[in-house]
Amino acid sequence: MIDRPTARTSDICLLLRSHAEQRWLSHEVLPVLRQLEQRDSLPEEQLGAALAYLEVLWIEASQRAAETDAAYLELQVESLYGEAPLHGKARSYHAAVVRLREAIARHVVQLVAAPREERSEDHASSC
């Protein structure tokens, strides 16, 4: 086994990145998503701003996801030199965060696409 500093820290890095992404999704994105899914509780004049805010949050979430996935790739490369004790746990945590990310992404896409489709239909009917 090659003794390189990154080989000893790539699993920790992935665990920390995965944890940070999971917290971001759970504490920043999900509350806005839930509020938008319950449109009856949101005044109509605030809907556009809430959707825009969700888009901004999702852009940041995508950047965090890219950082997490880069850490995962680093772990994969380092795994070629031997398995560290936390590699399996880091991979499992990453897989769980990816599933959460994908589930949230489906909802975000539906919510963001729906108002655009409604605006297109309104524009077409007014022409």
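Taking residues in segment 77-92 that are of a type in the set (Gly, Ala, Ser), and partners anywhere that are in a loop (DSSP other than H, G, I, E, B) and surrounded by fewer than 17 Cβ atoms within 10 Å (Cβ to Cβ), the pairs with Cβ atoms closer than 6 Å and at least 6 places apart or on different chains are 82/1. Where residues in segment 86-96 are in contact with a helix residue (DSSP H, G or I) (Cβ under 8 Å, 6 or more places away or on another chain) and surrounded by fewer than 16 Cβ atoms within 10 Å (Cβ to Cβ), which of them is farthest from residue 22 (Cα to Cα)? Here the answer is 89.
Taking segment 6-39 as the search range and keeping residues that are among the charged types (D, E, K, R) and under 11 Å from the mean Cα position of the chain (by Cα), which one is surrounded by the fewest Cβ atoms within 10 Å (Cβ to Cβ)? If we take residues in segment 6-39 being among the charged types (D, E, K, R) and under 11 Å from the mean Cα position of the chain (by Cα), then 23 is surrounded by the fewest Cβ atoms within 10 Å (Cβ to Cβ). Of all residues in segment 97-106, exactly one satisfies the criterion of being surrounded by fewer than 12 Cβ atoms within 10 Å (Cβ to Cβ) and over 14 Å from residue 58 (Cα atoms), namely 99.
One line per residue, one yes/no per condition, for (1) closer than 10 Å to residue 14 by Cβ; (2) of a type outside the set (Phe, Trp, Tyr):
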residue: 52; (1), (2): no, yes
residue: 56; (1), (2): no, yes
residue: 59; (1), (2): no, yes
residue: 62; (1), (2): no, yes
residue: 69; (1), (2): yes, yes
residue: 72; (1), (2): yes, no
residue: 77; (1), (2): no, yes
residue: 84; (1), (2): no, yes
residue: 88; (1), (2): no, yes
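Bear in mind these aren't lab numbers, they're just calculated from the coordinates by the rules spelled out. In this text the structure is predicted, and so the values were computed from the model without any measurement. Neighbour counts are summed over all protein chains in view; Cβ atoms, including those assigned to glycine, are modelled from backbone coordinates with ideal geometry.
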